[in-house]
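Scroll down for the structure; my scribbles are underneath it.
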Amino acid sequence: MQPPEQTPPEVEHQHHHYTGNAIPWYVRLIWVGFWVFAVYYTIQYLFPALQFELFVERP
């Protein structure tokens, strides 16, 4: 087994160029649409159902 190379960090770092992944506009649009639907669903259906279940007395 060979020993690791003894190169200084400055030389080692010159070949590391990291770039982020670009998210397409339509994926962002789908994500925004999902959150809009989630908020709409919560306000329209979940809150009224919770109010009915929590505050309505049953015989």
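The values are calculated or read from the model by the stated rules, or taken from the named source; none is laboratory data. Everything numeric in this text was worked out from a predicted model, so none of it was measured. All Cβ positions, even for glycine, are placed from backbone atoms using ideal geometry, and neighbour counts span all protein chains on display. With ligands, DNA and RNA removed, areas are computed over all heavy atoms of the protein, side chains included. Shrake-Rupley method; radii C 1.70, N 1.55, O 1.52, S 1.80 Å.
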**OP:** Within the stretch 3-59, count every residue that is at pLDDT below 80 and either among the small types (Gly, Ala, Ser) or in contact with a Leu (Cβ under 9 Å, 6 or more places away or on another chain) (or both).
**Re:** 1
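A quick yes/no check of all residues on (1) open to solvent by 100 Å² or more (accessible area, probe 1.4 Å); (2) in a helix (DSSP H, G or I):
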| residue | (1), (2) |
| --- | --- |
| Val27 | no, yes |
| Trp35 | yes, yes |
| Ile43 | yes, yes |
| Leu50 | no, yes |
| Glu53 | yes, yes |
| Glu57 | yes, no |
